[in-house]
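Structure record follows, encoded as C-alpha cells.
Just so you know, all these numbers are worked out from the coordinates, no wet-lab data involved. Computed from a predicted structure; not experimentally measured.
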Amino acid sequence: MNDKTKHFIATAAITLAVLAIFAVIQHPYMWGWDKAIALIVGCTAALGKELVWDKMLGKGTPDFYDFLAGVCGAFAAMFGWVIVETIIIEFIL
C-alpha cells in the first residue's frame with residue numbers, strides 16, 4: 001500500500017471516529033460544529049504526525065505531501081459523512 005494512501009486512510013479513520021462520537025453524544029447546542037471539530041482533529045493529526053513524529057522526534061521523514069494526503073483524507077471523510085447523513089435524514093427519516 002502506498003504511503004500517501006496510508007496517511008489518507010489514517011486521518012479519514014480519525015475524522016470518522018470523532019464524528020461517530022459526536023453522533024452518539026447528545027449536543028443540541030453544537031449544531032454544525034461537530035463536523036468542524038472532527039475536521040480540525042483530523043488535520044491536526046496529520047500535522048502532528050509530520051511535525052512531531054517525523055521532524056522533532058526524527059522517527060520518519062517529514063513530507064508535505066504526506067500532510068496533504070492526510071488533510072485530503074480528513075476532508076473526504078467529513079464530506080462522505082455529510083452526504084450519508086443527509087441521505088438518511090431526507091429519505092429515510
Check your understanding: Hey, which aspartates and glutamates would be in cross-link range of K35, C-alpha to C-alpha under 17 Å, not counting anything within fewer than 8 residues on its own chain?
Key -> E85
Review point. Which one is right for this structure if mean projected area of the Cα convex hull in nm² is calculated from it: [x] 5.2; [y] 6.9; [z] 6.5?
Key: [y]
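Assuming 0.890 mPa s and 25 °C, estimate D for the range 3-55 with Stokes-Einstein, Rh taken as the Kirkwood radius over Cα pairs, in µm²/s.
On the way: Rh = 11.8 Å.
D, rounded to a whole number, is 207 µm²/s.
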Review point. Near K59, which lysines are there with a Cα under 26 Å away, not counting those fewer than 8 places off in the same chain?
Key: K4, K6, K49
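If I take every Cα pair under 8 Å that is 6 or more residues apart in the range 1-73, average their sequence separation and divide by the length, what percent do I get for the relative contact order?
Values: 67 pairs, mean separation 35.8, N = 73.
Result for the range 1-73 is 49 percent.
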